[in-house]
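Structure record follows, encoded as structure tokens.
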Amino acid sequence: MKRLLNALLMLTIGLFAFPYTAAAYDGVYTGTITTMHFNANVPGRGVCVQMNPAINSPSGIYACLPTSNALYKEITAILLTGYATGKSCTLYLIFTTGSLYNEIEIAQCE
């Protein structure tokens, strides 16, 4: 119940704090990060994560942070900390057509 209330609170805050609507995100996933992946050979793509429960989307099971994200360093730090401590993380994703991963727009670990 607490997780549901937190998710609803974050969604409400997100609606007023960000210039997006709830429909701007294709998926919101909450879980623990089980895998972190870095690959310098993919231009424009930073850290990628897998989660438990698994991300289940048309764009695959990975969620990756584009290096063009204005908060790239901060979100990468949040993801690394969440992975290292086993905290629960919530990712707001955009599904990418023709790709094997989803783009992370917002991340929160608690």
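Regarding segment 49-59, can at least one residue be identified that is surrounded by fewer than 16 Cβ atoms within 10 Å (Cβ to Cβ), in contact with a Gly (Cβ under 7 Å, 6 or more places away or on another chain) and not basic (K, R)?
Within segment 49-59, one or more residues are surrounded by fewer than 16 Cβ atoms within 10 Å (Cβ to Cβ), in contact with a Gly (Cβ under 7 Å, 6 or more places away or on another chain) and not basic (K, R).
Would it be correct to say that G60 is at pLDDT below 95, at positive phi and over 15 Å from the mean Cα position of the chain (by Cα)? Spelling it out, it is not the case that G60 is at pLDDT below 95, at positive phi and over 15 Å from the mean Cα position of the chain (by Cα).
For beta carbons closer than 6 Å, sequence separation of 6+ or different chains, a first residue in segment 68-97 that is within 16 Å of M51 (Cα to Cα) and a second that is in a helix (DSSP H, G or I) and at pLDDT 95 or above, the qualifying pairs are C89/G82.
I'm trying to understand the selection: among the residues of segment 50-64, which are without any contact (Cβ under 8 Å) to a residue 40 or more places away in the chain and within 18 Å of F95 (Cβ to Cβ)? Passing the criteria: Q50, P53, A54, N56, P58, I61.
Of the residues contained in segment 14-26, one or more are found to be of a type in the set (A, V, I, L, M, F, W, C), at pLDDT below 75 and in a loop (DSSP other than H, G, I, E, B). Is it fair to say T35 is outside any loop (DSSP other than H, G, I, E, B) and closer than 18 Å to E105 by Cβ? So T35 fails the test.
Go through segment 45-110 and tell me which strands (runs of 3 or more DSSP E), entirely inside it, have 2 or more residues that are among the acidic types (D, E) and in contact with a strand residue (DSSP E or B) (Cβ under 6 Å, 6 or more places away or on another chain).
Ranges flagged: 101-109.
The values are calculated or read from the model by the stated rules, or taken from the named source; none is laboratory data. Remember, it's a predicted structure, so these values are computed and weren't measured experimentally. No Cβ is skipped: glycine too gets one built from the backbone with ideal geometry, and neighbour counts run over all protein chains shown.
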